[in-house]
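Participant: Please read through the structure below; I'll follow up with questions.
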Amino acid sequence: MHAQPSLRLLLLTLFLSHLQRVPAAGSPTPAPTPADGLNFIRSSCNVTLYPDVCYATLARYAASVHRDPARLTRAAIAVSLAGAQHAAKYVSNLSREADHGADQRAAAALHDCFENFGVAADKMRDSLTQMHHLGAAGSGEQSFRFQMSNVQTWMSAALTHEETCTDGFEDVADGPVKSGVSSRARTVKKVTSNALALVNSYVNKQAGP
């Protein structure tokens, strides 16, 4: 007994509907969305000491980062580099004014702070360059470890130089100069600490269990 035309039509409709729901073999993976990048950044920032600061400073890069830990690490280093450069410029302006003042301790601390921020910026610039050339010096796990070891060393040194800046103000009298530098230094140290944490996390993930 043959199925009625209406029944055959119903079965055909159901079959075609099923095919529409099943992706064809070799079909492209859906493109990542900005939300994917934001979620990835938020979860990645959990390894840092200042996750809220981490997310606030890196969320703008969600579209370019997607779910790529290397891109996120480069963005974090770039943010900390920009912070160190801005802090160095701020301290340099204060230093020129302090040279004509009576507080020689503040003037000396500002000069040292400017140098420390400059060195920190150089270390982060080297780190960013190295991150852009991963694998260029060779191939394999050993090359990656060597290159990332350089980045870890430089970022750690950058954070130390930023801390040295604020240490130099311990003997300086409280006032707008000291509070202004300390405030900016704290901000830069937070983003640098976060960048170092993301560098370490990236290395650990690439190294595997």
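Participant: So, of the residues in the range 167-209 that are without any contact (Cβ under 8 Å) to a residue 40 or more places away in the chain and of a type in the set (Ser, Thr, Tyr), which turns out to be surrounded by the most Cβ atoms within 10 Å (Cβ to Cβ)?
Facilitator: Ser182
Participant: So how many residues does the range 171-207 have that are outside any helix (DSSP H, G or I) and touching a helix residue (DSSP H, G or I) at 6+ places or on another chain (Cβ under 9 Å)?
Facilitator: Final tally of qualifying residues: 4.
Participant: For the range 62-77, which residues satisfy the criterion of being surrounded by fewer than 19 Cβ atoms within 10 Å (Cβ to Cβ) and in contact with a helix residue (DSSP H, G or I) (Cβ under 6 Å, 6 or more places away or on another chain)?
Facilitator: Listed by number, the residues that qualify are Ala63, His66, Arg67, Pro69, Arg71.
Participant: Something else now. Restricting attention to the range 54-78, which residues are among the hydroxyl-bearing types (Ser, Thr, Tyr) and either modelled with pLDDT under 95 or within 13 Å of Asn39 (Cα to Cα) (or both)? Let's see the steps before the verdict.
Facilitator: First, pick out the residues of the range 54-78 that are among the hydroxyl-bearing types (Ser, Thr, Tyr): 55, 57, 61, 64, 73.
Matches in the range 54-78: Tyr55, Tyr61, Ser64.
Participant: Determine, yes or no, whether Gly83 is out of contact with any His (no Cβ under 7 Å at 6 or more places or on another chain), under 16 Å from Arg184 (Cβ atoms), crowded, with 22+ Cβ neighbours inside 10 Å and modelled with pLDDT of 95 or more.
Facilitator: Criteria met by Gly83.
Participant: Is at least one residue of the range 33-49 modelled with pLDDT under 80 and either touching a Leu at 6+ places or on another chain (Cβ under 7 Å) or not in a helix (DSSP H, G or I) (or both)?
Facilitator: yes
Participant: Report, by residue number, each residue of the range 134-148 that is within 17 Å of the chain's Cα centre (by Cα) and either of a type in the set (S, T, N, Q) or modelled with pLDDT under 85 (or both).
Facilitator: Listed by number, the list holds a single entry, Leu134.
Participant: For Ser149, indicate whether it is on the phi < 0 side of the Ramachandran plot and either among the basic types (Lys, Arg) or surrounded by fewer than 18 Cβ atoms within 10 Å (Cβ to Cβ) (or both).
Facilitator: yes
The values are calculated or read from the model by the stated rules, or taken from the named source; none is laboratory data. None of the values given here were measured: they were computed from a predicted structure. Backbone-built Cβ (ideal geometry, glycine too); neighbour counts: all protein chains shown.
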